[in-house]
Amino acid sequence: MALTLGRKLGIRSMVYVAGKPIPFFWPMRSFIHHNPLHGLENLPFDEAVVKAHKLFHANTYLPRTTYQNYWQQGKVCQQTLHASTAKLAQELNNDLGVDLEQWFANLMLNTVEPVTSNKGGFSAEAVWRVLQGADHKSADVVHELDLPDILNRKLSADRPLYESIDLLFDTGIGEELDELVIKSCLDFFDEGQSVWKMPGRRKGLFQAWYQMASRNRWLSRRARFIHALVDDADSPEDVIDAVMRRFQVPEAAWQSYFTYELSRLHGWVGFIRWRENSKNYYWRVRYPADLVDYLAVRLTLSAALLQERARKIGLLTVPAMQDAIQSRTIELFLRQELYSGEVFPPLAQQVESSIALNRARSMEKFCIEYLRRKSVYEAEQCARRLQALAKQSDDTAALKTLSLEQVTDLLHALRSFEKREGQLWLEAMEQQSMDNLLQDICGGDDKDREKRPFAQALFCIDTRSERIRRHLESVGDYQTYGIAGFFGVPFSFMELGKGSETHLCPILLTPKNLVLEISRDETVMDEAALSALEKAIHELKESIFSPFVTVEAIGLLFGFDMFGKTLAPRTYHGLRKHLHQHKPITYLLQDKLSREQADSVVRAVQRALIENAVELDLGIPKERITDDMVRQLRECALEHESDAPLVREELHMKSGDLEEFVNRLRQTYQINPPFARLQLERLGRIGFSLDEQVNFVSTALRSIGLTTQFSRFVLLMGHGSRSENNPYESALDCGACGGNHGLFNARVLAYMANKPQVRAKLKQQGLPIADDVWFIPAMHNTTTDEMNLYDLELLPSSHLIYLDRLRNGLIAASRLCAKERLLTLDEHTEVEEPAAAFIEVQRNAMDWSQVRPEWGLSRNVYFIIGRRRLTRNANLEGRSFLHSYDYREDPNCRLLANILGGPLVVGQWINMEHYFSTVDNERLGSGSKVYHNVAGRFGVMTGNLSDLRTGLPAQTVLNRGTPYHEPLRLITVIEGPYATTIKAIEEVAAVSRLVRNHWIRLMIIDPETGLVHSYEKGEWTQQALDKDQTVNASVEECA
Amino acid sequence: MNQMWWFSVVFLPLFPFSAVFVLLIKMLPNAWLRGIAFLLWPLAGVWLLEATQANLPDWVLYWALGTSLLYAFRALVIRELNLWLSYIAVSAWSILWVVLSGSDLTNLMLFALGFTLPMALMALLGGELKQRFTAAYGGLYGGIAQSHPRLSAMLVFTLLAVIATPLFPGFFTMMSSIMAQMLNSPVIAIGLLLIWLLWSWSGILLLQGLVMGPEDALSGLTDDLAVWRVGTYALLLIGMGIFGLSFAVVF
């Protein structure tokens, strides 16, 4: 029986909430850095990582040994670490009889293994006996373990039933289920990679899957079962309800059951969640799917697999499982020990034999012996580690004299400490980084320049810009600024030759305006011969049959390509570039059309369509079609007139024929009033009004504090990357432009800023820009460090004379930057000359075997919002996002709030993505690139079948298996008066939450008082920026 | 005296007498004793057969083949290295009865040695595993390839020798037996091929549990095989390879 609407909505909302902790996964084409724990940001960082560990089975801190290495390299603040351990020792010390602080210090710094590691076997009493040297082997050390309780916890009702069965019977259902679901997802979500498409996709995921599943050979064996389940249901919600009732899962546990189920393939689920939310995404509109569909498929398959594999086992419902826990406790306990990997290794074989024999009495006897031996062994191991720790802390004698209660407390204290240890390391490392930064930061005010700089350049806030900015400033009279790479102009862009829109702005924004790229050349773009050949070969490769015949015929062509790309990538790339057609010079349609212009465009389109229709449908040659005839037909189609006498007369049409033709114009050619309105609406999206343009330019310049002393050249430097054979290429592009190149945003802002009408209005608003100032769009390729200027044909002739100097400066900076960066890519490089380094990094970009063309945003740690003078003397090693901001231009903190709500949030996502990809690259990153295969043209999988790999690949964050990226939370520095800055933070709820929950570390540098305010553990502390200045540190309660 | 060959079914074990050897391996407390048992047990069987000079009835051949198939099949689900080795040993030594039908007793001793030498070496490596991880059981402590590359390499090569891959003596024993039976009794030849396939399959499964896969969190605590021990094991393996090649020349 079909469910009521209310019930369906109930299930739908349960699924929605269950999926919330799983982060979105954006298609790889526009890779978006995101926090893998975004769904848990409502929790404090340390609590969220515990939950994530449970949900994703992932590590959330680095191993102790890695932190110990950082300690040896001086990257950990000793003072903070000692203070934390002392505080914790004080909290936990309950007259233990040992120097707990010293123990903690030794545990962190000199111990490799976890001391209290316990696979559920030993009691404190057993450890105490070992420490006392008592005859523990003969003693009754088998403490009272509540086996049913252990089993109930491990096989809880909210865990998918098949996982429990797998854990007890090693049936591998979960693994097979994942494979089947992945195959179904690959079929359904494919975006053009497959030659044969899945049929019926327009009906949605569940219906399409069911339609195909009913013809599937594997499923046909279980067809009766699946049909019985699905045929009674008229929606995926019905199926979910039916399966959950079949499993008899208590309704209170449904939501967490769904969360477990969804988190098994969190990459695919993240993609479906993102797709569900992207209302205008082409593939989503065409082939709809949501989490309810996905869950229905998953649950149906899991029910079928359980029916097939576990029918004989008989534990097909949650109550049956719970009954078995009570009635077959020993057997199930031994089974879960064996198959969960927690079995005591020396007895593993005996456990297996005991289960195989399945004799209740002997199993019980064996289980007691097993528990005793496991307990003794683990107690001995724990005691050994305690003794080693005691020796390091000069407490060997004291350890022996501890009472049972003291040993219990000691173990409890150590266990608590080990749980919090990662957080202590993290905080101490962050403190060291904060101290390092503050040492390099310059306080005080800007001195007025006597003359304007030769050129000013606005770079993206991206960490990679820090290097190139530093070098550009070092080679000449250049002034640089940091601004979000979309330059504050969000728009949707339709590139020349492409039929779809791309949002060139942070994903937090939805653009209203559309910009079109139009060719300046009159000729239509023809496909170059090589492009056509490439397309043909690609299609041949994709066909199922053609490889059989084409290998011999054209296989050699691929050989040339392979040798060229492998042996001489630079030369080969250069040759190929000549064969490809160059993109024509284009301009961007970015001025808004007036109402009259838009009407005129619509009219022109309608007229052209009518002319074609008359010619094609009525067979009338063009020379017989007059303007008046077209006007009459148009008026009729738009229902402004009821008759077209001229047409009837000239073309000898009867009234009925004319009416039929007009109807065809309305329906087939869409010449009707509603569609005309829609066209007008669409045209209204194109471009920006003058006021909008003025506002964008003004906001961009004021937000970075560039309001006076404009140079002759103001470079708007977008950035992007180019590399070969790299599905992650877009991860190296500009995040502020939605994972795309930033050039078009630069071109758009430059056009606006150079427009005389805009300048006139800016002058009225108190932002005068001299007539000789010219904004030039430019592009920084972060893989090669090249910087190219664009739209130079628009440059006034008076500026041409200075162009060479400008170009030379850019080239010098590029070479110096390449040299600095090459050392990070290859520490053994013998390249010494900047020019040679420049060539080497270009080779990297063209080498198709290069898994690491650049480090990207790896090692990011700081986000500095303030004037450039703060960091002018610091070498931040490409680790800092730099957003220019002059608090003096922003008395009410409106601009600061914009920076916090946009760029800072994006920076935090980037930082967290790097953090979690480093601490557990397999689960929260995407593993090694070497095994990646593109899936459906929107993601990558490891091997031929896996979850969609989220996060960053090992090659981006790890260097030879050890972290290259130092995983720290984003250390954010804001330059501004304390009170107003706090107010701005409070105004931006998302940022305020991030600060309070410690997802970012915040410092405010108050230039008026010279104090640095830091937020730590719910409190603001302050210190003097200038170390010579003495300030009594005070603590203010957080507002 | 002629009926004394019956005693050989314990030492060149045939089901159900094979249980004696399997039990013995389970009971022996250390790797050296297990190594010696693997080395001497089948030789005792061959010696007994030599002593009795018996003419074996044809059905023994099928009994042996059945035993070998049974143990090869059961080895598929075994994750404990010593038990797996004892099953493979029973399976391999049963084949010696088949070999016997196409060869003389002098050669049988060499064939037996060809099978047992890698097994003895594997038993010692099992001891190395147990010493480090408290058990030689697949799937418990993650893949050791990264944390213990030398031990892993020795395990892989020795296991390849045990499952009779080319160059090692077992390979030539299996080849000559299959070739010998191909014309006379194709059913037995196919049976031998199947057994061989099962050995490889179970061997790879065992390696997957022991060597491959993500390493355990604590595998950073590496205590890999000392270089001199690797050298010794490697020399023994090379010796076996040469021994195997000499089979190819002789037979």
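Just so you know, all these numbers are worked out from the coordinates, no wet-lab data involved. Source: prediction; values computed, not measured. Here the Cβ is made from the backbone with ideal geometry for all residues, glycine too, and neighbour counts use every protein chain on show.
Could you line up A:714, A:930 from fewest to most neighbouring Cβ atoms inside 10 Å?
Values: A:714 23, A:930 10.
Ordered by Cβ neighbours within 10 Å, fewest first: A:930, A:714.
Taking B:86, B:18, B:185 as the candidate residues, the one with maximal mean-square fluctuation in a Gaussian network model of chain B, Cα springs under 10 Å, is B:185. Straight-line cross-link reach from residue B:130 at under 12 Å between alpha-carbon atoms covers these aspartates and glutamates, not counting any fewer than eight positions away in the same chain: B:80. Ordering B:162, B:244, B:188 by Cα displacement along the dipole of chain B toward the positive end leaves B:162 in first place; charges were set at the Cβ atoms of Lys, Arg (+1) and Asp, Glu (-1). The residue list A:608, A:662, A:645 was ranked by how far each Cα lies along the charge dipole of the range A:595-665 toward its positive end, using unit charges on Cβ atoms, and A:608 comes out on top. Projecting the Cα atoms of B:86, A:711, A:65 onto the charge dipole of the protein assembly as shown, computed from C-beta unit charges around the Cα centre, puts B:86 farthest toward the positive end. Using the Cβ-Cβ distance between residue B:131 and residue B:40 with R0 = 30 Å, the FRET efficiency computed as 1/(1 + (r/R0)^6) comes to roughly 0.80.
As a rough guide to protection, the peptides A:1001-1011, A:599-609 ranked by mean Cβ packing within 10 Å, highest first, stand as A:1001-1011, A:599-609.
Would you please give the FRET efficiency between residue A:894 and residue A:869, computed as 1/(1 + (r/R0)^6) with r the Cβ-Cβ distance and R0 = 25 Å, to the nearest 0.05? About 0.65, to the nearest 0.05.
Dipole magnitude for the range A:595-685: computed about the Cα centre from +1 point charges on Lys and Arg Cβ and -1 point charges on Asp and Glu Cβ, it is near 460 debye. A straight chain from residue A:659 to residue A:568 at 0.36 nm per residue would run longer than the Cα-Cα distance by 26.0 nm. Using a cut-off of 22 Å between Cα atoms, the listed pairs A:451/A:819; A:983/A:1017; A:763/A:983; A:8/A:54; A:565/A:929; A:279/A:929 include A:451/A:819; A:763/A:983; A:8/A:54; A:279/A:929 as exceeding that distance.
Can you list which of the trypsin sites (Lys or Arg not before Pro) found in the range A:915-970 are DSSP loop residues with at most 16 other C-beta atoms within 10 Å? Filter output for the range A:915-970: A:937, A:960.
Under Stokes-Einstein, with the Kirkwood radius over Cα pairs standing in for Rh, what whole-number D in µm²/s applies to the range A:734-879 at 10 °C and 1.306 mPa s? Walk me through the intermediate numbers first.
Values: Rh = 18.0 Å.
Here the translational diffusion coefficient equals 88 µm²/s.
Using the Cβ-Cβ distance between residue B:179 and residue B:20 with R0 set to 35 Å, the FRET efficiency works out to roughly 0.65.
Rounded if a/c is under 1.5, else prolate if a/b beats b/c, else oblate: with a ≥ b ≥ c from the C-alpha gyration tensor eigenvalues square-rooted, which is the range A:763-805? Each step should come with its number before you reach the end.
Working: a/c = 3.00, a/b = 1.61, b/c = 1.87.
Verdict is oblate for the range A:763-805.
Taking 1.306 mPa s as the viscosity and 10 °C as the temperature, the Stokes-Einstein diffusion coefficient of the protein assembly as shown based on its alpha-carbon Kirkwood radius rounds to 44 µm²/s. Placing a label point 7 Å from the Cα of residue A:398 along the Cα-to-Cβ direction, the residues of the range A:89-108 whose backbone N falls under 15 Å from that point are A:89-107.
The calculated 222 nm mean residue ellipticity attributable to helices in the protein assembly as shown amounts to -18000 deg cm²/dmol, summing -39500 (n - 2.57) over DSSP H runs of n ≥ 4 and dividing by all residues.
Counting other C-beta atoms within 10 Å, and keeping those with at most 15, which DSSP coil trypsin sites (Lys or Arg not before Pro) do you find in the range A:276-355?
Hits after loop and neighbour filter: A:279, A:311, A:312.
Annotation: the residues A:116, B:173, B:232, sorted from fewest to most other C-beta atoms within 10 Å of their own C-beta, follow the order B:232, A:116, B:173. Partner shielding of A:339-347 amounts to 4, given as the average count of beta-carbon atoms from other chains within 10 Å of each residue beta-carbon. Applying the criteria of a DSSP loop state and at most 16 other Cβ atoms within 10 Å to the chymotrypsin sites (Phe, Trp or Tyr not before Pro) of the range A:236-325 yields A:281.
Could you state the orientation-averaged shadow area of the convex hull built on the Cα atoms of the range B:11-250, in nm² to one decimal?
Quarter of the Cα hull surface area: 12.2 nm².
About its Cα centre, the dipole of the range A:1-73 is roughly 400 debye, where the only charges are +1 on Lys and Arg Cβ and -1 on Asp and Glu Cβ. For the segment B:134-140, counting C-beta atoms of other chains within 10 Å of every residue's C-beta and taking the mean gives 6.
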